[in-house]
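Contents: one structure, followed by commentary.
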Amino acid sequence: MSAAPSAAETFPVRVLGGPTAFLEYGGLRFLTDPTFDGPGDYAAPGRPVLTKTAPSAAAPADLGPVDVVLLSHDEHADNLDTAGRALLADVPLTLTTPGGGQRLGEKAKGLADWETVELKRPDGGTVTVTGVPAIHGPGPREEVEPVTGQVVGFVLTGEGLPTVYVSGDNASLDAVREIAGRFAPVDTAVLFAGAPRFPMLYDGGLLVLDSAQAAEATRILGARRVVPVHHDSWAHFTEGREELEAAFAAAGLTDRLDPEWSRRA
């Protein structure tokens, strides 16, 4: 893990706040977990109140056309808010969980673990998107999913293209090890972090990776570049940029952090 990313590996990834990032890959334009509402509270029966603390760095209109949304799950407003849900109507394809694929209508497709979909590239060839395991909380999947729901991650591959991992709201390093077993080394990892917690869920256990785990995931994946997301703009994220930078420095992985992410204020 000593080699820095090459120019071919550093395709643009624009971090917009919360879990939302925009990336151009293989001639296609991808958006992760769209959240574009302004600050405010989101309440749902039987669930903790989610508080958004900062607006997105861009509006949907600023991005231009989006070809594919990679949606880790549709059931929580901090991954798909009101404006993000409206955006889906204008996007040809949303890839998400099997349950989300049923809930979101004909433009959505759910991916089970290791299920793939082939997307045509504008200049010929294809991008393969593989659904990969993700667990939204501590403990075994069968115990976590009834509480926090299904979540899916994604791996993007294509001939002559770098391998990209988008973790989604995953808290399991065992899941990361499974993914690494099939795809490592990964060129770019878009890692959801932020150490979100709620005292009433799992006794305050982690719902998504904390900063130290994000660094460990980087090591497991052999990732050459990491773009952290899901660490700002929401009150239940307990770790942010400072903790991420410290954790990657402690692990000797500072050079893995995407230079554009590092330059963001």
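Modelled with pLDDT under 90 and either farther than 18 Å from Val129 by Cα or not small (Gly, Ala, Ser) (or both): does that describe Val69? No; evaluated as a whole, the condition is false for this residue. Checked against the criterion of being among the polar types (S, T, N, Q), touching a residue at least 24 places away in the same chain (Cβ under 8 Å) and more than 29 Å from Ala235 (Cα to Cα), the candidates Thr126, Thr94 yield just one match: Thr126.
Which members of the range 142-154 meet the condition of being farther than 13 Å from His73 by Cα and either surrounded by 20 or more Cβ atoms within 10 Å (Cβ to Cβ) or free of Cβ contacts under 8 Å to residues at least 24 places away in the same chain (or both)? Residues satisfying the conditions are Glu142, Glu143, Val144, Pro146.
The residue pairs whose first member lies in the range 99-118 and is free of Cβ contacts under 8 Å to residues at least 12 places away in the same chain, whose second member is hydroxyl-bearing (Ser, Thr, Tyr) and outside any loop (DSSP other than H, G, I, E, B), and whose beta carbons are closer than 6 Å, counting only pairs six or more residues apart or on different chains, are Glu118/Thr126; Glu118/Thr128. Can you pull out every residue in the range 195-211 that is touching a Ser or Thr at 6+ places or on another chain (Cβ under 6 Å) and modelled with pLDDT of 90 or more? Correct list: Ala195 only. Would you confirm whether or not the range 118-138 contains a residue that is assigned to a loop (DSSP other than H, G, I, E, B), of a type outside the set (Asp, Glu), farther than 19 Å from Leu207 by Cβ and within 16 Å of the chain's Cα centre (by Cα)? No; the residues of the range 118-138 include none that is assigned to a loop (DSSP other than H, G, I, E, B), of a type outside the set (Asp, Glu), farther than 19 Å from Leu207 by Cβ and within 16 Å of the chain's Cα centre (by Cα). For the range 86-116, the set of residues classified as buried (at least 18 other Cβ atoms within 10 Å of the Cβ) and part of a helix (DSSP H, G or I) consists of Leu87, Leu88, Gly100, Gly101, listed by residue number. Pairs linking a residue in the range 31-44 that is in contact (Cβ under 8 Å) with a residue 12 or more places away in the chain and assigned to a loop (DSSP other than H, G, I, E, B) to a residue that is acidic (Asp, Glu) and surrounded by 12 or more Cβ atoms within 10 Å (Cβ to Cβ), with Cβ atoms under 8 Å and 6 or more positions apart or on different chains, are Pro34/Asp81; Thr35/Asp78; Thr35/Asp81; Phe36/Asp81; Asp37/Asp81.
Among the conditions (1) farther than 24 Å from Pro12 by Cα; (2) at pLDDT 90 or above; (3) among the small types (Gly, Ala, Ser), Ala214 misses just one, which is (1).
The values are calculated or read from the model by the stated rules, or taken from the named source; none is laboratory data. Remember, predicted model here, so these are calculated numbers, not experimental data. Note that each Cβ is placed from the backbone with ideal geometry, even for glycine, and that neighbours are counted across all protein chains shown.
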